[in-house]
Amino acid sequence: MIMRTVRNQPRTTREDLVNDLKAAGTIVTKKTIGNTLRREGLKSCSGRKVPLLKNAHIHTSLTFANEHLNDSEDNWVKVLWSDETKMELFGINSTRRVWRRRNAAYDPKNTIPTVKHGGGNIMLWGCFSAKGTGQLHRIKGTMDGAMYRQILGENLLPSARALKMGRGWVFQHDNDPKHTAKATKEWLKKKHIKVLEWPSQSPDLNPIENLWRELKVRVAKRQPRNLNDLEKICKEEWDKIPPEMCANLVANYKKRLTSVIANKGFATKY
């Protein structure tokens, strides 16, 4: 009964199980339940945070994955991927683990200084292709459609040229209203930029997410002191991401699609 309940509802607590069994006429302690679950190979873990997906999101992600599953790698090499991300001044540092002896928790070497509200953050727009990273741009203020088009004008085409995308390259951005606004669509059309049809709420399908993670790890190691320092370090580290890593993300794109299909359109490890 314990195993069946947990299989169907993994969020069930040990206390819930104690009460369920009590109602069924069996008195068992929480410790016994914990031991039983561990013996069956289950352990209590933090639930992974994933975007809240509606049925429509699941359906469109699955459709995209099935439609593109057999696309050749050459197709993905032609894509210039883009996205925005938030970089916090003390973002990733706050989750670092330390090796320490007992009673040495507050030795300065073992502590991670934090600032209220994460010490502030900056928003970035970036792009990359199989050939490497494109330009990284700091978004100042609240981005609207006009600002987005300005960012594209100053960064997208220069990135495409620098990465030698050649003829017939395709631009990928998500379905944020600023991206899909009529004026933005017209701007892209006027510049003869072909856009990849993209399913909403599907970060798993965008390999730039892996690069954002890589950037956050690299920046945390350099411990920026303020927001201007953070911007400078972000740009330096973004430029240092090896083209091989970018090429690898694109070469393995089919695995991403396979994972989405295997997980029926729900979130994956990507």
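The values are calculated or read from the model by the stated rules, or taken from the named source; none is laboratory data. In this text the structure is predicted, and so the values were computed from the model without any measurement. All Cβ positions, even for glycine, are placed from backbone atoms using ideal geometry, and neighbour counts span all protein chains on display. Just so you know, the surface numbers come from the protein's heavy atoms only, side chains and all, with ligands and any DNA or RNA stripped out. Shrake-Rupley method; radii C 1.70, N 1.55, O 1.52, S 1.80 Å.
Within segment 24-42, can one find any residue that is open to solvent by 50 Å² or more (accessible area, probe 1.4 Å), out of contact with any Asp or Glu (no Cβ under 6 Å at 6 or more places or on another chain) and touching a residue at least 24 places away in the same chain (Cβ under 8 Å)? Within segment 24-42 (the criterion being open to solvent by 50 Å² or more (accessible area, probe 1.4 Å), out of contact with any Asp or Glu (no Cβ under 6 Å at 6 or more places or on another chain) and touching a residue at least 24 places away in the same chain (Cβ under 8 Å)), the answer is yes, since at least one residue qualifies. If the condition is being under 19 Å from the mean Cα position of the chain (by Cα) and part of a loop (DSSP other than H, G, I, E, B), then segment 166-194 contributes 173, 174, 175, 176. Within segment 171-180, identify whether any single residue is in contact with a helix residue (DSSP H, G or I) (Cβ under 6 Å, 6 or more places away or on another chain) and within 27 Å of residue 247 (Cβ to Cβ), and answer yes or no. Looking through segment 171-180, at least one residue is in contact with a helix residue (DSSP H, G or I) (Cβ under 6 Å, 6 or more places away or on another chain) and within 27 Å of residue 247 (Cβ to Cβ).
Considering segment 146-161 alone, what residues qualify as being of a type outside the set (D, E, K, R), open to solvent by 20 Å² or more (accessible area, probe 1.4 Å) and out of contact with any strand residue (DSSP E or B) (no Cβ under 7 Å at 6 or more places or on another chain)? 146, 147, 150, 153, 157 - these are the residues of segment 146-161 that are of a type outside the set (D, E, K, R), open to solvent by 20 Å² or more (accessible area, probe 1.4 Å) and out of contact with any strand residue (DSSP E or B) (no Cβ under 7 Å at 6 or more places or on another chain). Checked against the criterion of being without any contact (Cβ under 8 Å) to a residue 12 or more places away in the chain and open to solvent by 40 Å² or more (accessible area, probe 1.4 Å), the candidates 213, 222 yield just one match: 213.
Out of all the residues in segment 235-248, is one or more more than 19 Å from the chain's Cα centre (by Cα) and among the aliphatic types (A, V, I, L, M)? Scanning segment 235-248 turns up no residue that is more than 19 Å from the chain's Cα centre (by Cα) and among the aliphatic types (A, V, I, L, M).
If a residue must be part of a helix (DSSP H, G or I) and open to solvent by 30 Å² or more (accessible area, probe 1.4 Å), how many such residues does segment 195-210 contain? Count: 3. Going by what's in this entry, would residue 25 be described as at pLDDT 90 or above and either in contact with a Cys (Cβ under 6 Å, 6 or more places away or on another chain) or outside any loop (DSSP other than H, G, I, E, B) (or both)? Criteria not met by residue 25. Comparison of 267, 247, 251 shows that the only residue that is open to solvent by less than 30 Å² (accessible area, probe 1.4 Å), touching a residue at least 60 places away in the same chain (Cβ under 8 Å) and within 20 Å of residue 204 (Cα to Cα) is 267. Before we move on, is residue 184 touching a residue at least 12 places away in the same chain (Cβ under 8 Å), among the hydroxyl-bearing types (Ser, Thr, Tyr) and surrounded by 12 or more Cβ atoms within 10 Å (Cβ to Cβ)? Spelling it out, residue 184 is indeed touching a residue at least 12 places away in the same chain (Cβ under 8 Å), among the hydroxyl-bearing types (Ser, Thr, Tyr) and surrounded by 12 or more Cβ atoms within 10 Å (Cβ to Cβ). Among the residues of segment 104-145, the ones that are open to solvent by less than 60 Å² (accessible area, probe 1.4 Å) and modelled with pLDDT of 90 or more come to 17 in all.
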